[in-house]
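Structure first, commentary second.
The values are calculated or read from the model by the stated rules, or taken from the named source; none is laboratory data. Since we're looking at a predicted model, the values are computed, not measured. Counting neighbours? That spans all protein chains shown, and the Cβs are built from the backbone with ideal geometry, glycine included. Accessible surface areas use protein heavy atoms only, side chains included; no ligands, DNA or RNA. Shrake-Rupley method; radii C 1.70, N 1.55, O 1.52, S 1.80 Å.
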Amino acid sequence: IDYFRDSGGGATVSGGEPMLHVRFLRLFLPELASRGIGVNLETCGLFRWPDIQDLLPYLNLVYFDLKHLDSGDHQRLTGKENNGILENFRRLSKIFPHLQARMPIVPGMNDAPAQIVKIARFLRSCHQKTIHCLPYHNYGEAKLPRIGSTLKPLELASATPEEMGRVERLFQKEEIHAIVYD
């Protein structure tokens, strides 16, 4: 508690997907709030609306990943369609003032100019003005054999600073402030 008070910090619930553990969050988040600890939630947006409604009073910030606007491509790339995800973003944008869109930039998967424009227009339709762009990197692939994982490396190239700059310019051309991470 002293650390949180002195630093002004808080807790971030992330994952995997923290909304898969909503029963735990319903117990955990009120406990943090009762101790004055702020909470950020990182989500892919695939959750039941009533579940997030129960948690909103305990959240200071929601980082919400937007991976692809086309439902078919989203299904192909992630295994899930995005209709519910986009609806959850729309609904949150209307009632939760501390919603922050994020986008993992995966070269060749979701960084085409037309895709960036679609996401920018979706954000504007939700009255959002910023997006945090996170470059895909393959750093964790080297450890897969060491940890005995059955996952296979994706063998995708990491997003380069030049690619991230191009994405940033595309968003800014569409009047969305892109905050680009290294």
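Only helical runs count toward this figure. For the chain, summing -39,500 (n - 2.57) over DSSP H runs of n ≥ 4 and dividing by all residues gives -12000 deg cm²/dmol at 222 nm.
The ellipsoid that matches the Cα gyration tensor of segment 21-129 has semi-axes, each √(5λ) in whole angstrom, of 27, 15, 12, with the longest given first.
Each Cα pair under 8 Å and six or more residues apart adds its sequence gap; the mean of these over the residue count of segment 94-182 is a relative contact order of 39 percent. Working from label points 7 Å from Cα in the Cα-to-Cβ sense, the residue 121 to residue 169 distance is 2.2 nm.
Is there a quick way to get the dipole size of the chain? I mean about its Cα centre, with the Cβ of Lys and Arg at +1 and of Asp and Glu at -1; what is the value in debye to the nearest 20?
380 debye
Taking packing as the residue-averaged number of other Cβ atoms within 10 angstrom, the listed peptides 10-20, 161-171, 134-144 run from highest to lowest as 161-171, 10-20, 134-144.
Placing unit charges on the Cβ atoms only, positive for Lys and Arg and negative for Asp and Glu, gives segment 1-77 a dipole magnitude near 160 debye about its Cα centre.
Accessible area per residue was computed with a 1.4 Å probe on protein heavy atoms; residue 180 scores about 50 Å².
In this rough spin-label picture, where each label sits 7 Å from Cα along the Cβ direction, the residue 91-residue 152 distance is 3.7 nm. Across segment 66-106, Cα-Cα distances exceeding 14 Å account for 49% of all pairs.
By the Kirkwood approach, averaging reciprocal distances over each pair of separate Cα atoms, the chain gets a hydrodynamic radius of 17.8 Å. Sort out for me the Cα centre separation of segment 113-155 from segment 1-20, rounded to whole Å. Between the Cα centres of segment 113-155 and segment 1-20 lies a distance of 22 Å. For segment 1-87, with the dipole built from +1 on Lys and Arg beta-carbon atoms and -1 on Asp and Glu ones, taken about the Cα centre, which of 47, 14, 28 lies farthest toward the positive end? Final value for the positive-end residue is 28. Mean sequence separation of contacting Cα pairs (under 8 Å, at least six apart), scaled by the length of segment 29-117, corresponds to a relative contact order of 30 percent.
The mean sequence distance of close C-alpha pairs (under 8 Å, at least 6 residues apart), as a share of the length of the chain, puts its relative contact order at 17 percent.
For segment 1-71, take the convex hull of the Cα atoms, compute a quarter of its surface area, and give me that in nm², please.
Details: hull surface 21.1 nm².
Hull-based average projected area comes out at 5.3 nm².
Placing unit charges on the Cβ atoms of the charged side chains and taking the dipole of the chain about its Cα centre, the candidate lying farthest along the positive direction among 135, 103, 64 is 64.
Kindly sort 65, 70 by accessible area of their heavy atoms, largest first, with the probe set to 1.4 Å.
Working: 65 30, 70 60 Å².
Final ranking, largest accessible area leading: 70, 65.
Rounded to two decimals, what is the ratio between the C-alpha radius of gyration of segment 85-138 and 2.2 N^0.38 Å?
Numbers: Rg = 11.9 Å, N = 54, 2.2 N^0.38 = 10.0 Å.
Cα Rg divided by the expected 2.2 N^0.38 Å: 1.18.
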